[in-house]
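Visitor: Structure in structure tokens, see below.
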Amino acid sequence: MGVKAWTCASTFNYNILFLPAFPNPVPRASLNSRRREPQRQPPLLLCLGKRKLGLSSLSLILSGVSPNLSMAMSAQQELELERYIDSKEGFTLLRPSSWIKVDKAGATALFEEADKGSTNNVGVVVSPVRLNSLTEFGSPEFVVNKLIQAERRKESTKEAEVIAVAQRLGKGGLQVYEFEYKVDSTRGGMKRVFSAAFVASKKLYLLNISHSDKPENPLDTHTRTVLEQVLHSFDSAPLV
């Protein structure tokens, strides 16, 4: 099978290639991330039992806090999650309930944070393929290398770096690849991107989560935790 490229809508900053069959089988699913460099932030697949902080106790220290902490508290209140199911295309995920669903060419589903333009978003693209499983693309590392190469070829990209690569099992043993990387672009500055992909029913499902992560206003711990929950919730759903 020849190599074919598929580029998702530019809003997602996500490129993934249709690759020829990879000769080596992918090892059994693992929930352990393989990081390229030490990070001070929590690992990609850290299982966090609590998704909310006690706002009542934190309110005791609001007086005199820094602007960054106040912004983080605001983000905690806004990023509540709710289940989204697309029975027509056959996928489901958690999504921030306050984010607005918008129509975008090339996107099967797209949610954007209000008053943030297209900087912070969760997008899904579904497209037909001739493959039966994600393993026919190759290993997660092989796929993410192709992904980053494509990202770096964009004129707007100043820097792109892989942070973490992982794989997990979805519903019915479905193979799911997960990636985390950062992009510094002339369009929106520094961003943190979480992506996931799987193949089911001869369709390729791509999830892309993009969030601003600028040095002067880095991605806070709570928001990161919520976005990881969105990432890990991406799975197949029964077709109707």
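Visitor: If you check ARG168 against the conditions, is it farther than 14 Å from ILE209 by Cα, touching a residue at least 24 places away in the same chain (Cβ under 8 Å) and basic (Lys, Arg)?
Guide: Taking the combined requirement at face value, the residue satisfies it.
Visitor: Name the single residue, out of those in segment 140-163 being of a type in the set (Asp, Glu) and assigned to a strand (DSSP E or B), that is surrounded by the fewest Cβ atoms within 10 Å (Cβ to Cβ).
Guide: Filtering segment 140-163 for residues that are of a type in the set (Asp, Glu) and assigned to a strand (DSSP E or B), the one surrounded by the fewest Cβ atoms within 10 Å (Cβ to Cβ) comes out as GLU159.
Visitor: Filter segment 199-216 for residues that are closer than 23 Å to SER97 by Cβ and either among the small types (Gly, Ala, Ser) or in contact (Cβ under 8 Å) with a residue 40 or more places away in the chain (or both) and give the result.
Guide: TYR205, LEU206, LEU207, ASN208, ILE209, SER210, HIS211, SER212
Visitor: Could you check, for segment 164-187, whether at least one of its residues is surrounded by 16 or more Cβ atoms within 10 Å (Cβ to Cβ), more than 27 Å from GLU89 (Cα to Cα), out of contact with any His (no Cβ under 8 Å at 6 or more places or on another chain) and among the hydrophobic types (A, V, I, L, M, F, W, C)?
Guide: Within segment 164-187, one or more residues are surrounded by 16 or more Cβ atoms within 10 Å (Cβ to Cβ), more than 27 Å from GLU89 (Cα to Cα), out of contact with any His (no Cβ under 8 Å at 6 or more places or on another chain) and among the hydrophobic types (A, V, I, L, M, F, W, C).
Visitor: Among (1) in contact with a Leu (Cβ under 6 Å, 6 or more places away or on another chain); (2) assigned to a strand (DSSP E or B); (3) not small (Gly, Ala, Ser), there is one condition GLN167 misses while meeting the rest; what is its number?
Guide: That leaves (1) as the condition not met.
Visitor: Looking only at segment 158-192, which residues are farther than 17 Å from ASN120 by Cα and out of contact with any Phe, Trp or Tyr (no Cβ under 9 Å at 6 or more places or on another chain)?
Guide: Of everything in segment 158-192, those that are farther than 17 Å from ASN120 by Cα and out of contact with any Phe, Trp or Tyr (no Cβ under 9 Å at 6 or more places or on another chain) turn out to be LYS158, GLU159, LEU169, LYS171, GLY172, GLY173.
Visitor: Could you look through segment 114-139, keep only residues that are under 15 Å from VAL193 (Cα atoms) and in contact with a helix residue (DSSP H, G or I) (Cβ under 8 Å, 6 or more places away or on another chain), and pick out the one that is surrounded by the fewest Cβ atoms within 10 Å (Cβ to Cβ)?
Guide: SER118
Visitor: Which ones in segment 112-139 are outside any loop (DSSP other than H, G, I, E, B) and in contact (Cβ under 8 Å) with a residue 24 or more places away in the chain?
Guide: Within segment 112-139, ASN121, VAL122, GLY123, VAL124, VAL125, VAL126, SER127, PRO128, LEU134, THR135, GLU136 qualify.
Visitor: Can you pull out every residue in segment 206-221 that is in contact with an Asp or Glu (Cβ under 8 Å, 6 or more places away or on another chain) and of a type in the set (Ser, Thr, Tyr)?
Guide: Of everything in segment 206-221, nothing turns out to be in contact with an Asp or Glu (Cβ under 8 Å, 6 or more places away or on another chain) and of a type in the set (Ser, Thr, Tyr).
Visitor: How many residues does segment 193-230 contain that are in a strand (DSSP E or B), touching a Leu at 6+ places or on another chain (Cβ under 7 Å), surrounded by fewer than 22 Cβ atoms within 10 Å (Cβ to Cβ) and not β-branched (Val, Ile, Thr)?
Guide: Here the count works out to 1.
Where a number appears in this text, it was derived from the coordinates with a stated rule and is not lab data. Since this is a predicted model, take the numbers as computed values, not measurements. As a convention, Cβ positions derive from the backbone with ideal geometry for all residues, glycine included, and neighbour counts pool all protein chains shown.
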